1. State all residues of region 33-83 that are under 27 Å from the mean Cα position of the chain (by Cα) and of a type in the set (Ser, Thr, Tyr); if no residue qualifies, say none.
2. Starting from region 17-38, keep only residues that are closer than 18 Å to Arg50 by Cα, then list their pairs with residues that are part of a helix (DSSP H, G or I) and of a type in the set (Asp, Glu) whose Cβ atoms are within a distance under 7 Å, requiring at least 6 positions of separation or different chains.
3. What are the pairs, 6+ residues apart or on separate chains, where a residue within region 55-81 that is within 17 Å of Thr7 (Cβ to Cβ) has its Cβ under 7 Å from a residue that is among the small types (Gly, Ala, Ser) and modelled with pLDDT under 90?
Amino acid sequence: MGKDSSTHTSAFLLGAVIGGLTGAVCALLLAPKTGQEMREDLNRRTDVLRQKGIDVAQYAKEKSEGLAKTVSLQSVQVADKVKRLPEYIRISGKKRSSGSEQ
C-alpha cells in the first residue's frame with residue numbers, strides 16, 4: 001500500500017468520524033426531548049462515538065505498524081545494496097579492463 005493510499009484512507013476515516021460527530025450533535029440538539037431523555041441519549045451516543053474513535057485509532061495503529069515494517073525492510077535492503085556497490089563497481093571494472101585487453 002502506497003503512502004498516498006494510506007493518507008487518503010486516514011483522511012477519509014477522520015472525515016467520517018467528524019461527520020458522524022457533527023450529525024449526532026445536530027440530531028440531538030434539534031430533536032424535541034426532555035432533559036432526562038437528552039442526557040441519556042447524549043451518554044449513549046458518546047459511548048458509541050468513543051468506541052468508534054478507539055476502533056479508528058486501532059486501525060490506524062495497525063496500518064502504521066505494517067507500513068513501518070515495510071519501510072524498515074526496504075531500507076535494510078537498500079542499505080545492503082549500497083554496501084555491496086563498491087564491490088560491484090570493482091568487479092565490473094576488472095571485467096571491462098580484462099575485456100579491452102583481449
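The values are calculated or read from the model by the stated rules, or taken from the named source; none is laboratory data. From a predicted model like this one, the values you see are computed outputs, not experimental measurements. Cβ: placed from backbone, ideal geometry, glycine included. Neighbour counts: every protein chain shown.
1. So the first thing to find is which residues in region 33-83 are under 27 Å from the mean Cα position of the chain (by Cα), and the list is 45-80.
Listed by number, the residues that qualify are Thr46, Tyr59, Ser64, Thr70, Ser72, Ser75.
2. Taking only residues 6 or more apart or on different chains, the pairs are Leu28/Asp41.
3. Ala60/Ser10; Lys63/Ser6; Leu67/Ser6
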